[in-house]
Amino acid sequence: MTERLARLKIQRGGPGEAPAYDDFEVPYREGMSVLDALIWIRTNKDSSLAIRYSCTNANTCKECMVRVDEKTVYACTKRLGTTPVLVGPLTNKRLLRDLVTDIVPPREKLSLLLGEPNSEE
Amino acid sequence: MTVDVTTDVLVVGSGAAGMYAAVSAARNGADTVLVDKSLIGRGGATIMAQMTVAAAVGEQEPDHWTHHLQDTLESGRGLCNEELAAILCEEAPLRIRELDEWKIGWAREDGHMKQVMAPGHGRERCVYVDFLNTGPAVARTLRTQIGRAGNLRRASELTITSIVVNDGQVAGAVGLNMETGAAVTIQAKAVVLAAGGLTRLYQRNSASVNMGGDAYALALRAGAELIDMEFVQFFPIGHLAPRLVGMDPIMWDPFRYKLGGRLLNSEGDEFVQNYGHAETSNKYTAPRDVASFAILQEVAAGRGSPAGGAYLSFEHIPEADLRAAFGPVIDRLAANDIDLTKRGIEVSPIAHYHMGGVRVDGHMETGVPGLFAAGEAVGGANGANRLSGNALSEAFVFGERAGRFAAEAIGNRVGSWSNEAARSAIDEIMAGRHVATRQSGPGLASMLVTLQKIMWQDVGLLRTANGLANARALVQNMRWDIGDYPGASDHRFALSMQEWFDLRNSLIAAEAIIASAQTRTESRGAHQRGDFPRTDVDQTHNLITRLDGEGLSVMEAPLVSKPFNLIPLEAAE
């Protein structure tokens, strides 16, 4: 029996760079989430992929927002099928790298604590 | 070199314990900085807590904190630090009422706080926020208080990598700026470690990503001691299959308690009663350690479910009753293709909480002057097995105390920052930063998976001398393999560097568990030895772990006892 695969095209790169896209194939498990696939990729294929998440399962930390096929979703609750999906960072937040954007509330920014000029664009 | 940030009290970690500690330090007059490697109030365990908080507020029925203490000590299998346990039980009602004043929204009934029964409690004692919303409500409420506090600054995305100790006392900390990969230096007269537990070290867990044992490793490396590291609590009925997204894997407990869900093996038989605890389908009274052990034994005997656990069945409950108990949760289950009227789900013990931790006195201070701990990071209050509902209580109580006593302790002390004392901590970040750019291919994330398998296999629910020795050798090799500084770097969002510091912490915490588990040659509470299946009264003592150079040492220490009189409830106020 051939293994079923989920396919993801993932936007890579930092601010000011032309976005690059990497394709990944991930072993498909019934009911798996986009976050399951991103964690699998970091663990097994490319640990340089930047993603942000905390609670992993519970959908309470609200840190894992990304765009899947141009729609904003929580990666932890967005289900994957076997049709390919395009995964990119939020477009209304400052890009840090790959799928990670600056979602830190203004009063909680490290740059503020360090007395640095506001890095908001 | 000048330090980047100067403060009186630095609080590391922003779950309930850290946020409470920060609010408390600030209101007791200390200039306070609260930092988190994730986002303030969003990482860690608190926000995931769906269940209940134990406190003898006595609103549902007469209660007194000494009765809560009696239940806590009984659950702890003789190893609780009775001073810490008494503080936890006596002050929990104060914190519950304070949170009530802060409008957390505890569930109410007939004008009083609603309190429910939970396993191991003698009375209806546990408050909560509907539906399955206790943790998010706690986080929201404390975040609001933090926003209102005057002399309190806060920062997300700062990973503390070392506590700086100078002349035998805390001088501050060094951290990794996640956005830039640079080192950040913080001068502080006191530091509160509230960085949570270590359940992420296990393959099956209910942990968030930042629960890899940071607090324990930071404490050990600063020269503080840990206590009873062998006691990792496994939650007996963590969700296993089918894949459930958007829900905490420990969500089944309150429903099993409310409705009497049946725990079945692959032959459709109830089995927990075969392991020394009489439990019928209408009662849910087996302690967590007994239920976890029973499931493990059924799996070992070939009577497990397909995914390697047991079935939890609500099929005997009428649909209307399910709807009444689960509320809107039943629709979230339906979205996961789970219909409880049709079939059971598969559950398994999962690593859930750590009883062991940083050794502190009643002021929450470690043996290193100026270094405090709070919340799950603290060891000792819960002995060999934590009573359900005590985790958030201790986060509130120990957090408030740690902040208050840290603010008190700094007094007129001047900061003792020294660049020399911080040098190695700064250098290891700088060294990582200069490593040639990004590394693709499997990296440290795959090493963590390896560690999780080792811990699950040999340092989990059932341990033996051979398994522990094997695990220790593997973990020691990994400690050697990761080298002295991060081997991959990122120019923006320094996840690879953070992962190296995380893994170093996880490996130290893992070896501390193993070393302590090797020393305790008996079975007690959450520590079960296949080769020493009985409890040994001669081992009714605590085990203390220290880091000497790179090596861990374990020694016995007598229990901290504090006799108390159980207050008759008629006489209670």
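Read the figures in this text as sums done on the coordinates, not as results from a lab. The model shown is predicted, which means the values in this text are computed figures rather than measured ones. Virtual Cβ from ideal backbone geometry, glycine too; neighbours counted across all protein chains shown.
Quick notes on this one:
- By the beta-carbon count within 10 Å of each Cβ, the least crowded to most crowded order of A:THR91, B:THR464, fewest first, is A:THR91, B:THR464.
- Fraction of alpha-carbon pairs over 30 Å apart in chain B - percent: 49 percent
- Descending semi-axes in Å of the protein assembly as shown, equivalent ellipsoid built from Cα gyration tensor: 35, 32, 26
- Ellipticity estimate at 222 nm from DSSP helix runs (n ≥ 4, -39,500 (n - 2.57)) divided over chain B, nearest 500: -11000 deg cm²/dmol
- Spatially proximal lysines relative to A:LYS93 (Cα-Cα < 26 Å; intrachain offsets below 8 disregarded): A:LYS9, A:LYS62, A:LYS71, A:LYS78, A:LYS109, B:LYS37
- Loop sites in segment B:466-567: GluC sites (Glu not before Pro), DSSP, at most 15 other Cβ within 10 Å: B:GLU550
- Among the GluC sites (Glu not before Pro) in segment A:1-57, those placed in a DSSP loop whose Cβ has at most 12 other Cβ atoms within 10 Å are A:GLU3, A:GLU17, A:GLU30.
- Relative intensity of segment B:434-534 on a log10 scale, I(q)/I(0) at q = 0.13 Å⁻¹, equals -0.52, per a Debye sum over C-alpha point scatterers of equal strength in the absence of solvent.
- Residue order, fewest to most surrounding Cβ atoms within 10 angstrom, among B:ARG148, B:ARG262, B:ARG200, B:ARG492: B:ARG148, B:ARG492, B:ARG262, B:ARG200
- Neighbour-count order for A:LYS9, A:LYS71, fewest beta carbons within 10 angstrom listed first: A:LYS71, A:LYS9
- As computed over segment B:237-349, the Cα convex hull volume per residue (Å³): 91 Å³
- Using alpha-carbon coordinates, inclination of helix A:34-44 to the longest axis of chain A, degrees: 90 degrees
- Mean shadow area of segment A:5-113, taken as a quarter of the surface of its Cα convex hull (nm²): 7.2 nm²
- GluC sites (Glu not before Pro) within segment B:293-386, DSSP loop, no more than 10 other Cβ atoms inside 10 Å: none
- In chain A, the DSSP-assigned H stretches of four residues or longer account for a calculated mean residue ellipticity at 222 nm of -3000 deg cm²/dmol, using -39500 (n - 2.57) per stretch and the full residue count as denominator.
- Over segment A:5-113, Cα pairs under 8 Å with separation of 6+ residues give a relative contact order of 31 percent.
- Cα centroid separation, segment B:185-248 to segment B:1-45 (Å): 18 Å
- Axis of helix B:444-458 versus longest Cα principal axis of chain B: the two differ by about 50°, to the nearest ten degrees.
- Computed from the C-beta positions of A:GLU17 and A:THR82 and an R0 of 25 Å, the FRET efficiency is 0.20 to the nearest 0.05.
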